[in-house]
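The values are calculated or read from the model by the stated rules, or taken from the named source; none is laboratory data. As the structure is a prediction and not an experimental result, all values here were calculated from the model. Reconstructed Cβ throughout: ideal geometry from the backbone, glycine too, with neighbour counts over all protein chains shown. Surface accessibility is based on the protein's heavy atoms, side chains included, excluding ligands, DNA and RNA. Shrake-Rupley method; radii C 1.70, N 1.55, O 1.52, S 1.80 Å.
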Amino acid sequence: MTLKKRIIPCLDIKDGQTVKGVNFVDIRSAGDPIGLAKRYVKEGADELVFLDITATVDGRKTFAALVEEIAHEINIPFTVGGGISSVEDAGVLVKAGADKVSINSAAVKRPELVKEIADEFGSQFVVVAIDAGLVDGEWKVFVKGGREATELDVYDWAKQVEALGAGEILLTSMANDGTKNGFALELTGKLAADLNIPVIASGGAGNKEHFAEVFEQTKATGALAASVFHFGEIPIPKLKTFLRQKNLDIRL
């Protein structure tokens with residue numbers, strides 16, 4: 001069975017507001033997260049991702065009160081990430097209404113966290129976010145909001161977290177992030193082919209064709225973007241119509 005392709009807006013949250021940057025820096029405001037989330041539900045987004053982009057760096061926990069408010073306001077699945085470093089942190093977000101949690105830096109620091117959360121809440125609840133950057137021509141895992149390179153090979157790390165119980169990978173190419181030049185097709189294609197769990201492609205969407213390319217040329221089951229949705233450059237209903245015209249199996 002092939003999974004239907006998903007269109008997923010991402011809301012990067014800083015101090016309670018949605019923000020957007022380029023290559024993980026040059027942050028600017030993009031509006032109220034609740035208002036944006038409700039708009040995306042009306043427009044037909046399949047899922048949403050909320051990332052507290054400074055939670056890990058600042059040593060704060062994800063803003064659970066905002067998650068609770070979001071859960072009351074929308075009726076599509078949403079993932080929450082940022083500063084989650086224990087089963088207890090994940091539990092707070094489950095209680096607040098999150099459908100999935102995304103972990104990144106904390107999983108790199110202590111890989112068994114993936115298994116612990118999966119054992120407690122189920123694999124479908126655990127998304128491992130991988131921020132990938134090129135170091136001497138090789139894709140390496142970055143942590144702390146893309147600020148710090150590790151020695152981990154992206155492909156090896158993805159296989160490791162899959163074995164530990166991750167239910168999904170959110171793959172962001174830092175070199176593509178915010179550039180609007182298209183997704184990292186080679187990276188995404190190899191990773192999605194290597195794994196047996198869904199991969200969400202992130203970083204670089206600039207037009208409708210980029211979404212078609214990532215779905216046609218890779219096995220990614222989701223495509224995530226931020227600014228092109230936030231600022232109305234690509235209306236989701238028009239994007240879905242375009243993709244269906246390409247005979248891609250897009251959710252209604």
query: In square angstrom, rounded to the nearest 10, how much accessible surface does K238 have for a 1.4 Å probe?
result: 130
message: How high is the relative contact order of region 100-169? Use alpha-carbon pairs under 8 Å, at least six apart in sequence, and give a whole percent.
response: 35
- prompt: Going down the list K100/K208; K115/K240; K14/K42, which pairs span over 30 Å between their C-alpha atoms?
  reply: K115/K240
message: Against the 2.2 N^0.38 Å scaling, with N counting residues, where does the chain land? I'd like the Cα-based Rg ratio to two decimal places.
response: 0.91
message: Ranking request for peptides 64-74, 215-225, 117-127, 195-205: highest mean number of other beta-carbon atoms within 10 Å first, then the rest in descending order.
response: 195-205, 215-225, 117-127, 64-74
task: Run down the aspartates and glutamates and flag those whose C-alpha is under 17 Å from the C-alpha of K5, throwing out any fewer than 8 positions away in its chain.
output: E43, D46, E47, E168, E209, E213, E216, D249
query: How high is the relative contact order of region 131-252, given as a whole-number percent (alpha carbon pairs under 8 Å, six or more residues apart)?
result: 19
field: Cα→Cβ-extended label distance, 7 Å offset, between T179 and E68, nm
entry: 4.2
- line: Gyration tensor on Cα atoms of region 114-225, a ≥ b ≥ c root eigenvalues, a/c under 1.5 rounded, else prolate if a/b beats b/c, else oblate, says oblate
- line: Summing -39500 (n - 2.57) over every DSSP H run of at least 4 in the chain, dividing by its residue total and rounding to the nearest 500, the 222 nm mean residue ellipticity is -10500 deg cm²/dmol
message: So for the chain, averaging the separation of alpha carbon pairs under 8 Å that are six or more residues apart and normalising by length, what relative contact order in percent results?
response: 19
- request: Could you tell me what percent of the DSSP beta bridges with both partners in the chain are antiparallel, to the nearest 5?
  value: 30
- prompt: Counting only protein heavy atoms and using a 1.4 Å probe, what share of the accessible area of the chain belongs to carbon plus sulfur, as a whole percent?
  reply: 49
query: Is the shape of region 81-163 best called rounded, prolate or oblate, per the rule: a/c under 1.5 gives rounded, else a/b larger than b/c gives prolate, else oblate, with a ≥ b ≥ c the square roots of the Cα gyration tensor eigenvalues?
result: prolate
- prompt: At a Förster radius of 25 Å, what calculated FRET efficiency corresponds to the Cβ-Cβ distance of Q217 and K4, to the nearest 0.05?
  reply: 0.90
